[in-house]
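To start, the structure under review is shown below, and the notes come after it.
The values are calculated or read from the model by the stated rules, or taken from the named source; none is laboratory data. Being a predicted model, the structure only gives us computed values, none of them experimental. Every residue, glycine among them, receives a Cβ derived from its backbone with ideal geometry; neighbour counts consider all protein chains shown. All accessible areas refer to the heavy atoms of the entire protein, side chains included, with ligands and DNA or RNA removed. Shrake-Rupley method; radii C 1.70, N 1.55, O 1.52, S 1.80 Å.
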Amino acid sequence: MKTNSRRRKLHFSKIYTFKCGRASILGNDDHSQIGGPGYSRVVYCNEPSSFESVIRDYAGNYVSTTKYSAATFLPKSLFEQFRRVANFYFLVVAVLSFTPLTPYYAATADIEMNNRKVKVHKENGVFDHTEWKNLRVGDIVKVEKDEFFPADLLLLSSSYEDAVCYVETMNLDGETNLKLKQALEVTSSLHEDSHFKDFKAFVKCEDPNANLYAFVGTMEYEEKQNPLSPQQLLLRDSKLRNTDYIYGAVIFTGHDTKVMQNATDPPSKRSKVERRMDKIIYFLFGLLVTMSIVGSVCFGFLTKEDLDDGHERWYLRPDESNIYFDPNRAFSASIYHFLTAVMLYSYLIPISLYVSIEIVKVLQSMFINQDIHMYYEETDKPAHARTSNLNEELGQVDTILSDKTGTLTCNSMEFVKCSVAGTAYGHDITDVERSMAKKNGSPLIEDSAVSPKKSSIKGFNFNDERIMNGSWVHEPHLDVIQKFFRLLAVCHTVIPEVDERTGKISYEAESPDEAAFVVAAKEIGFELFRRTQTSVSVHELDLVSGKKVESIMFERLAKSGREFEEITREHVNDYADAGLRTLILAYREITNDEYQVFNEQFSEAKNSVSADRDAMIDEATEKIEKELILLGATAVEDKLQQGVPECIDKLAQAGIKIWVLTGDKMETAINIGYASSLLRQGMKQLIINLETPDIIATEKGGDKDATARASKESVVRQIIEGKALLTASSTEAFALIIDGKSLTYALEDDTKRLLLDLAIGCASVICCRSSPKQKALVTRLVKFGTGKTTLAIGDGANDVGMLQEADIGIGISGVEGMQAVMSSDVAIAQFRFLERLLLVHGHWCYRRISSMICYFFYKNVAFGFTLFLYETYASFSAQLAYNDWFLSLYNVFFTSLPVIALGVFDQDVSARYCLKVCQTSHSVDRDVYVII
């Protein structure tokens, strides 16, 4: 990839608040690409019935999320049932049972959502209630506090003067933090119903798509073009919070809304035990047909010979038989006998097995849910088996693929250290530093005089007498420190909330990192207390003032702004070695004229609805995001969850391979790996990356194709060299380290097998800077490449693809919402509970189900063969060896209940012994694999 492409990932436009929401004064913007691929939607606000609106034939606002409809219920349900081989056989037998051939005798949620009410503008400034399903593109709606948005809306105004509103998006991405949305300034004055009497606006925007965090468009209002962004888009199924009301224009309806665009059919997962059971049933079905054929052939010969022997089987009354025992039609009689025998020997197929298994699995799931040892008291969350299909698979897991942040760690960031003006502040010793020192044989001894006490303030664990309690005003670089913490207090998306009774300020942040920064600034003396559409207010020493990628930040520094660069780089590397997340802070002062020029170009780029829009924005921001003055760097700690190292050790002893995929930088990932027992001392590292001089020089040349070819060749060469080292040394342990950029080429079809072979040969593999898509691709590679049972575990929306791709998906109910949990098969509150889930419940469930299935086949085969043996003595006349009651109750009452009890309660060993021995029920000699 080119350097310029990487730079697009981070812009100060996402940190600074530019005054770009005002209407552009340019009235002749080029929208020639409107109507092209991806940019064809035109909305006539408040005119949904106009001719122009009607001819576009947009989707209605009625949605359906049910798996079945009236038309698809029968074929889909039949397909689901007949995927189980035995059910097809049962259908055939059931049909035949109604014929004389039988040898024995007989004795809905979408509606509620679509019918919700919302206020819609009818005419003359009058709003009236209508059902969600009746909404049309262009309608103006009024949504009140704690109501859900009925469609994807363009925010026009709110009850606040600056037209902001607070939105809860838990139903979309699982996030519990409130999001701040802001309307355009040109419509912010529309506070009353009557204001919409003559309201007209013209919107041009992107086509429906699944990207929740992007929206491109413009709104023409009062003959001016106004750029639209995700800040003005309110998504269906999110809730209005802390705001009395908002007015919005319907942009996307029904299945065009982003939440429905993201809706996917959940994967249908089946356990390997169940699939193997189908193969056994295939075999038994073949055995049944064979027995029926043998019996019918023998019956045909005996019936034909009966004519010559003078009706030796006189008791069958062949002279009165129509077909069944008529010696003159022996062939036809054998055909009918075959069909009768198929039903007679049906006990070879365990008709009650599937029902019994479902009962057992449901009861096993209840035991998992009620296990007190997997209950997390701090958040009041027990384990929750969301499906009962995969209980036995928990005992067959071969590879675990895990997220890091929020899964192995707490995802509760604490501000612990910082580097300002080349001086390092903060005395805290991190868990990673303690772990590394312990592994090196020199445990750290904290000096009680300088060792900080644990702070009771969430997100803040910083202590340094040079900074705290206003002491920073005596530091040599007072002005730099002031600008550093002022930047932390101002440049973010945090929303301050003031308790009217106590006056205490709390913060709603979209990420725990931002929350830690704002809390740290507050504790140092820079308190954020109010945020509006155009300003951020901070208490700074009792005065009121208005107002991630390190390599990119250093590249943008001015020559005069590099005074502390070298020492700051050293501090950042030290922080990364300590397992901390780092962020570089810099600033630039610009004149009013510079800002006006930038704002004009930036507004023009934002108003463009074309394929070049992102490039135009990049060009505008590139001109102002330069010549920066370095202030320093922050370091926040994401501590490991309790019991993670011990849990990983136990899983490794059980022969389970652990792969952890993360987006963190390489240094941080490696050190967290050591702290969590994922990596071991003495491993030789095989590093695969594209930060070589040749690749960098090729990237600077600007030829994308040449860069891609050179990058792939480099990755393949490094993988081959790594395999050669593995072959040459069979006794040493190796750790493969690969970054996300290299992983892009390594996961291509012609190279992914090489990568898997190399990873299997290594004792640990670290894959850092991996994207959500790469997580899913790695999971798929391991799943199909090894053919073994895979388990994925994560806590965030970016882990959903990985969870759905794996054989078993485990969701962590952490601080990143419930999106991962809702996509999982089993939910737990802490990573350490995975030990008991797999080694105890997995072992028990696998053994119970396996024993139960074997016993079912045994008893049914034994019963079926007694019928066959009886037939050999009854000249294969299809006579019953048992009475009808015994046949009916054999599976249901006489034999099923004891086997069900075995499947629910049997324990070959206790839970304590399972954890002590640490062997899964299928465990073999295996190495431990680790991918971060």
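Each row is one residue, and each column tells you yes or no for (1) assigned to a loop (DSSP other than H, G, I, E, B); (2) at pLDDT below 90; (3) aromatic (Phe, Trp, Tyr); (4) open to solvent by 30 Å² or more (accessible area, probe 1.4 Å).
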position	(1), (2), (3), (4)
Phe202	no, no, yes, yes
Ala210	yes, yes, no, yes
Phe215	yes, yes, yes, no
Glu220	no, no, no, yes
Gln225	no, yes, no, no
Gln231	no, yes, no, yes
Asp237	yes, yes, no, no
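Given the conditions (1) crowded, with 16+ Cβ neighbours inside 10 Å; (2) of a type outside the set (Asp, Glu); (3) part of a loop (DSSP other than H, G, I, E, B), report the number of the one that His191 does not fulfil.
The one condition His191 does not meet is (1).
Collect the residues in the range 58-90 that are β-branched (Val, Ile, Thr) and open to solvent by less than 80 Å² (accessible area, probe 1.4 Å), keeping them in residue-number order.
Filtering the range 58-90 for residues β-branched (Val, Ile, Thr) gives 63, 65-66, 72, 85.
Passing the criteria: Val63, Thr66, Thr72, Val85.
Does any residue in the range 147-165 that is closer than 19 Å to Pro227 by Cβ come within less than 6 Å, Cβ to Cβ, of a residue that is aromatic (Phe, Trp, Tyr) and surrounded by 24 or more Cβ atoms within 10 Å (Cβ to Cβ) six or more places away or on a different chain, and which pairs are these?
That search, which allows pairs on different chains as well, returns Asp152/Phe252; Leu156/Tyr247; Ser157/Tyr247.
Looking only at residues in the range 879-914 that are among the acidic types (Asp, Glu) and touching a Lys or Arg at 6+ places or on another chain (Cβ under 9 Å), which one is farthest from Val861 (Cα to Cα)?
Filtering the range 879-914 for residues among the acidic types (Asp, Glu) gives 884, 906, 908.
Within this subset, residues satisfying the condition of being touching a Lys or Arg at 6+ places or on another chain (Cβ under 9 Å) are 906, 908.
Numbers: Asp906: 23, Asp908: 25 Å.
Result: Asp908.
Would you tally the residues in the range 279-324 being at pLDDT 70 or above and either under 18 Å from Phe88 (Cβ atoms) or among the polar types (S, T, N, Q) (or both)? Can you show your working first?
Step one: of the range 279-324, the residues at pLDDT 70 or above are 279-305.
Right, trim to either under 18 Å from Phe88 (Cβ atoms) or among the polar types (S, T, N, Q) (or both) and you get 279-290, 292, 296, 303.
Number satisfying all stated conditions: 15.
Would you confirm, using the coordinates I've provided, whether Ile629 is in a strand (DSSP E or B) and closer than 12 Å to Leu408 by Cβ? Give the derivation first.
Working: in a strand (DSSP E or B): yes; closer than 12 Å to Leu408 by Cβ: no.
No.
Filter the range 745-765 down to the residues that are touching a Ser or Thr at 6+ places or on another chain (Cβ under 9 Å) and not hydroxyl-bearing (Ser, Thr, Tyr) and list them by number. Let's see the steps before the verdict.
In the first step, residues of the range 745-765 are kept if they are touching a Ser or Thr at 6+ places or on another chain (Cβ under 9 Å); the result is 745, 756, 760-761.
Hits for the range 745-765 are Leu756, Ile760, Gly761.
Report, by residue number, each residue of the range 44-57 that is surrounded by 13 or more Cβ atoms within 10 Å (Cβ to Cβ) and of a type in the set (D, E, K, R).
The answer is Glu47, Arg56.
May I ask you to verify whether Glu732 is open to solvent by less than 30 Å² (accessible area, probe 1.4 Å), among the charged types (D, E, K, R) and more than 30 Å from Ala797 (Cβ to Cβ)?
Working: open to solvent by less than 30 Å² (accessible area, probe 1.4 Å): no; among the charged types (D, E, K, R): yes; more than 30 Å from Ala797 (Cβ to Cβ): yes.
No: the conditions fail for Glu732.
Restricting to the range 668-679, name every residue that is assigned to a helix (DSSP H, G or I) and either at pLDDT 80 or above or small (Gly, Ala, Ser) (or both). Steps first, please.
First, the residues of the range 668-679 that are assigned to a helix (DSSP H, G or I): 668-675.
Passing the criteria: Ala669, Gly673, Ala675.
I'm trying to understand the selection: among the residues of the range 698-725, which are closer than 22 Å to Trp659 by Cα and crowded, with 19+ Cβ neighbours inside 10 Å?
Listed by number, the residues that qualify are Val715, Gln718, Ile719, Gly722.
Yes or no: Phe905 more than 30 Å from Leu287 (Cα to Cα) and either open to solvent by less than 20 Å² (accessible area, probe 1.4 Å) or among the aliphatic types (A, V, I, L, M) (or both)? Working first, answer last.
Working: more than 30 Å from Leu287 (Cα to Cα): yes; either open to solvent by less than 20 Å² (accessible area, probe 1.4 Å) or among the aliphatic types (A, V, I, L, M) (or both): no.
So Phe905 fails the test.
Scan the range 606-637 for residues that are open to solvent by less than 10 Å² (accessible area, probe 1.4 Å), at pLDDT below 80 and touching a Lys or Arg at 6+ places or on another chain (Cβ under 7 Å) and report the count.
1
Answer yes or no as to whether Thr407 is closer than 20 Å to Leu640 by Cα, of a type in the set (S, T, N, Q) and buried (at least 24 other Cβ atoms within 10 Å of the Cβ). So that I can check it myself, show each step before the final result.
Values: closer than 20 Å to Leu640 by Cα: yes; of a type in the set (S, T, N, Q): yes; buried (at least 24 other Cβ atoms within 10 Å of the Cβ): yes.
Spelling it out, Thr407 is indeed closer than 20 Å to Leu640 by Cα, of a type in the set (S, T, N, Q) and buried (at least 24 other Cβ atoms within 10 Å of the Cβ).
Take the range 132-165 and flag every residue that is under 22 Å from Ser53 (Cα atoms) and either over 32 Å from the mean Cα position of the chain (by Cα) or open to solvent by 80 Å² or more (accessible area, probe 1.4 Å) (or both).
Matches in the range 132-165: Asn134, Arg136, Gly138, Asp139, Ile140, Val141, Lys142, Leu156.
Which one of these does Lys181 not meet: (1) open to solvent by less than 20 Å² (accessible area, probe 1.4 Å); (2) out of contact with any His (no Cβ under 7 Å at 6 or more places or on another chain)?
Only one criterion is unmet by Lys181, namely (1).
Looking only at residues that are surrounded by 14 or more Cβ atoms within 10 Å (Cβ to Cβ) and polar (S, T, N, Q) in the range 593-605, which one is farthest from Pro512 (Cα to Cα)? Working first, answer last.
The initial filter retains those residues of the range 593-605 that are surrounded by 14 or more Cβ atoms within 10 Å (Cβ to Cβ), namely 595, 597-605.
Keeping just the survivors that are polar (S, T, N, Q) gives 599, 601, 603.
Details: Asn599: 31, Gln601: 33, Ser603: 31 Å.
Filtering first and then ranking leaves Gln601.
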